[in-house]
Amino acid sequence: MIAQADLVTIGKIERHFGVRGEFKVRSLSDVPGRLDNLKQVQVLAPTGEMVEKTVAHVRRAGST
């Protein structure tokens, strides 16, 4: 198991999007495309619990 101190925040969930369980995530990374090939992520839930989630797909919004 990975210790929370060893994790790095690379994005912030801003809001849900659509009706298929999608979320808008703001990238906090300085590495272009860092979020593009993710398969699994650790999410800090409002309860403070770390939850592993599967990334089904990523799509970029806007002109970046």
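The values are calculated or read from the model by the stated rules, or taken from the named source; none is laboratory data. Values in this document were obtained by computation on a predicted structure and should not be read as measured data. Note that we place each Cβ from the backbone using ideal geometry, even for glycine, and neighbour counts take in every protein chain shown. Side chains included, ligands, DNA and RNA excluded: accessible areas come from the protein's heavy atoms. Shrake-Rupley method; radii C 1.70, N 1.55, O 1.52, S 1.80 Å.
Which ones in segment 30-51 are among the small types (Gly, Ala, Ser) and either in contact with a Lys or Arg (Cβ under 6 Å, 6 or more places away or on another chain) or farther than 16 Å from residue 62 by Cβ (or both)?
Result: 45, 48.
I need a count of the residues in segment 1-27 that are open to solvent by less than 100 Å² (accessible area, probe 1.4 Å), within 17 Å of residue 60 (Cβ to Cβ) and not β-branched (Val, Ile, Thr).
7
Which residue is modelled with the highest pLDDT, if the candidates are limited to segment 1-28 and must be part of a helix (DSSP H, G or I) and of a type outside the set (A, V, I, L, M, F, W, C)?
6
What tally of residues in segment 41-62 results from selecting those that are farther than 13 Å from residue 11 by Cα, assigned to a strand (DSSP E or B) and open to solvent by less than 100 Å² (accessible area, probe 1.4 Å)?
2
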